[in-house]
There are 2 protein chains.
Amino acid sequence: MNEENHVSRKHPRAESIRIRERLTRHVKTRVLALAGLIAHGRGEAFDYILGEETTPSASKAITAAAAVLLLAERPVLSVNGNVAALCARELVELSRVTGAKLEVNLFHRLPGREEAIEEVLREAGAEEVLGVEGSALARIDEVFSDRRRVDPRGIYAADVVFVPLEDGDRTEGLIRMGKRVITVDLNPMSRTAQFANVTIVDNVVRAMPLLVREAERLRELCRNELRGIVDAFDNGEVLSEAMGTMELRLRALSEKGVYIEPRSRRA
Amino acid sequence: MNEENHVSRKHPRAESIRIRERLTRHVKTRVLALAGLIAHGRGEAFDYILGEETTPSASKAITAAAAVLLLAERPVLSVNGNVAALCARELVELSRVTGAKLEVNLFHRLPGREEAIEEVLREAGAEEVLGVEGSALARIDEVFSDRRRVDPRGIYAADVVFVPLEDGDRTEGLIRMGKRVITVDLNPMSRTAQFANVTIVDNVVRAMPLLVREAERLRELCRNELRGIVDAFDNGEVLSEAMGTMELRLRALSEKGVYIEPRSRRA
């Protein structure tokens, strides 16, 4: 299927369109499930309302996330198709900086998908990839859907799990198992955003390089200093601020109503 | 690809998930392009913020849309993959009630897509379908992407075009040609929503049956009464109200911050 648009660089949504093309290509490589495209669309909408930039409260969450990862005993970075397609390199870097393992963790385990995602991670420099080749043998009870399978060396045994762009059922399952959960989710009202211990309300493409840099910076701190950062962090406040930012942007726009130069205004 | 989730009916998003499954099935029938899945996700997010119900201002826009269609000399209903997958039957009904022609009008003209969409419309009872079998011979200049092709008997000659879930470039192209444009778009800030003469900010699945019913009701009125409805309609006000509704909902949520029952709240 050729869905290339030959979109001009001047197009108001050129960057969004390039990312979309990257994702649709990854449906063909099997990295992405079709449902991943719909999820991406939801993220686009929330990002648009958020103003398409990393907010101060997202930066606070990024700092807390880095501290939680560095303090963890057995941290794991959970990788699904969307995350692999969008930021495999940063995941591998984050894994190196924090000592966290990489685990492929899929909602839709279609034939060939695990392998395709593993390949993307290995191409990005990953040496060990959990959750593939039948190694996802442990089971976690989910809430509304089928049971999930996870790697007994990875998520199953982890104390901290980083699950960017995750489904609400799975996040709830992890929380119920007593895991500390960090997520990246553009919808502060999603169940994942609400259940997680640290929610970075930001586009994963913007947040991941910042998270890697922050983990590098905080690596110099002692454990007590890291604990201080974590104790001072309030996820409810971060979620509230994200919704507040969206609300303010909508208010400013709604006062105008029509703000794009119109060519005709009669009904 | 089998992406069935076996989702429980009690799942908080069960209805959304059923619609998603319907759309992913239509990728296989070729009715939907992959980009259509991303677009659907954007709509889901805006619908969620809007409260997933038809607002009073959307109802006003539906009434105005029905009046504009009934007053039109050569109205055309433009059908793309998402609309065909979600409400083919209602499109055929609207065509009958208003005398508007149906035209398949695609951004992504992939092999077999026109035919697949035509088939969906014919199964829903359509007798005439324009824009297929090489009949889309007239060209319209678009703004940022390739030229579009339209049927000289349909959109090209139309005075009023109903383009639900349309791309911004195409809507702008139609407005520049002097067409009166009616759309359904959940994002009141999109270029389509902003450029159109009548914008129904609602889920097309909810709006279409209401639009059909409204067209049936207004058919009893004389042209002067219909003109009165159109003259009293203000699209800027409708867009402003839609953004205001979203803003209020976000404000109510942001005051709570965390509102889904949490199992753990430490960072």
Distances in nm from A:Leu110 to the matching label points in the other copies, shortest first (labels 7 Å along Cα to Cβ): 1.1
Per residue accessible area of the protein assembly as shown, 1.4 Å probe, in Å²: 41 Å²
List the equivalent ellipsoid semi-axes of region A:195-254 in whole Å, largest first, each obtained as the square root of 5λ for an eigenvalue λ of the Cα gyration tensor. 28, 15, 9
Identify, for chain B, the residue whose C-beta comes nearest the rotation axis onto chain A, and round that distance to whole Å. B:Gly41, 1
Relative contact order computed over chain A (Cα-Cα under 8 Å; 6+ residues apart), in percent: 22 percent
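Please state the charge dipole magnitude for the protein assembly as shown, taken about the Cα centre, from unit charges on C-beta atoms (+1 on K and R, -1 on D and E), reported in debye and rounded to the nearest 20. Can you show the working numbers first?
Working: 80 positive and 84 negative charges, 17 e Å.
My answer is approximately 80 debye.
What is the gain in length, in nm to one decimal, between A:Glu123 and A:Glu255 on full extension, counting 0.36 nm per residue of separation less the C-alpha to C-alpha distance?
Residue separation times 0.36 nm, minus the Cα-Cα distance, leaves 42.7 nm.
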Quick one: putting +1 on the C-beta of Lys and Arg, -1 on the C-beta of Asp and Glu, what dipole do you get for region A:34-148 around its Cα centre, in Debye to the nearest 20? 300 debye
Position A:Glu52, label points 7 Å along Cα→Cβ, spacing to each other copy in nm (shortest first, one decimal): 2.9
Going from the alpha-carbon gyration tensor of the protein assembly as shown, what semi-axes, largest first and in whole Å, does one get by taking the root of 5 times each eigenvalue? 44, 25, 20
For region A:82-165, just list the percent of Cα-Cα distances falling in each 5 Å bin from zero outward, please. 3, 14, 26, 27, 20, 8, 2, 0
What do you get when you divide the Cα radius of gyration of region B:14-128 by 2.2 N^0.38 Å, with N the number of residues? 1.12
For chain B, what does -39500 (n - 2.57) per DSSP helix run (n ≥ 4), summed and divided by total residues, give at 222 nm, in deg cm²/dmol to the nearest 500? -16500 deg cm²/dmol
So what's the angle, to the nearest 10 degrees on a 0 to 90 scale, between helix B:235-256 and the longest Cα principal axis of chain B? 10 degrees
Compute the acute angle (0 to 90°) between the alpha-carbon long axis of helix A:204-218 and the principal axis of greatest extent of the alpha-carbon atoms of chain A; round to the nearest 10°. 50 degrees
Got a sec? Which residues in region A:42-62 would a label at A:Arg213 touch, if it sits 7 Å along Cα→Cβ and we count backbone N under 18 Å? A:52-62
Any idea what angle helix A:113-123 forms with the longest principal axis of chain A, computed on alpha-carbon atoms, 0 to 90 degrees, nearest 10? 90 degrees
In debye, nearest 20, what is the charge dipole magnitude of chain A about its Cα centre with +1 on Lys and Arg Cβ and -1 on Asp and Glu Cβ, if you could check? 680 debye
Can you list, shortest first in nanometers, how far B:Asn224 lies from the same residue in the other copies, with each label 7 Å from Cα toward Cβ? 8.8
Which residues qualify? For B:Val150, with a placed amide H closer than 5 Å and at least 5 residues away or on another chain, they are B:Leu137, B:Ala138, B:Arg139, B:Ile140
Which of B:Val230, B:Val163, B:Ile17, positive extreme of dipole for chain B (C-beta unit charges): B:Ile17
Bounding extents of region B:101-217 in its principal axis frame from Cα atoms, largest first in Å, are 35, 32, 24
At what distance in angstrom do the alpha carbon centres of region A:176-220 and region B:222-256 lie from each other? 36 Å
Ranking B:Leu71, B:Ala39, B:His108 by how far each Cα lies towards the positive end of the charge dipole of region B:33-136 (+1 on Lys and Arg Cβ, -1 on Asp and Glu Cβ), the top one is B:Leu71
A chain fully extended from A:Cys222 to A:Glu237 at 0.36 nm per residue, minus the present Cα-Cα distance, gains in nm 2.8 nm
Buried accessible area for the B:A pair, summed, 1.4 Å probe, in Å² rounded to 100? 6400 Å²
May I have the pair-distance distribution P(r) for chain A, computed from all Cα-Cα distances with 10 Å bins from 0 and rounded to whole percent? 7, 29, 35, 20, 7, 2, 0
Let me have the relative contact order for region A:71-110, percent, based on Cα pairs under 8 Å that are six or more residues apart. 55 percent
Take the Cα coordinates of region A:55-101, assign each an equal point scatterer, and use the Debye formula without solvent to give log10 I(q)/I(0) at q = 0.18, 0.25, 0.26, 0.31 Å⁻¹. -0.61, -0.99, -1.02, -1.08
Taking every residue of A:187-194, the Cβ atoms of other protein chains inside 10 Å of its Cβ average out to 4
The long-range amide H neighbours of A:Leu102, using H built 1.01 Å from N in the peptide plane and a cut-off of under 5 Å, are A:Leu77, A:Leu130
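The values are calculated or read from the model by the stated rules, or taken from the named source; none is laboratory data. If you're wondering where the values come from, they're calculated on a predicted model, not measured in any experiment. Note: ideal-geometry Cβ built from the backbone for every residue, glycine included; neighbour counts use all protein chains shown. Protein only, heavy atoms only, side chains kept; ligands, DNA and RNA dropped before computing areas. Shrake-Rupley method; radii C 1.70, N 1.55, O 1.52, S 1.80 Å.
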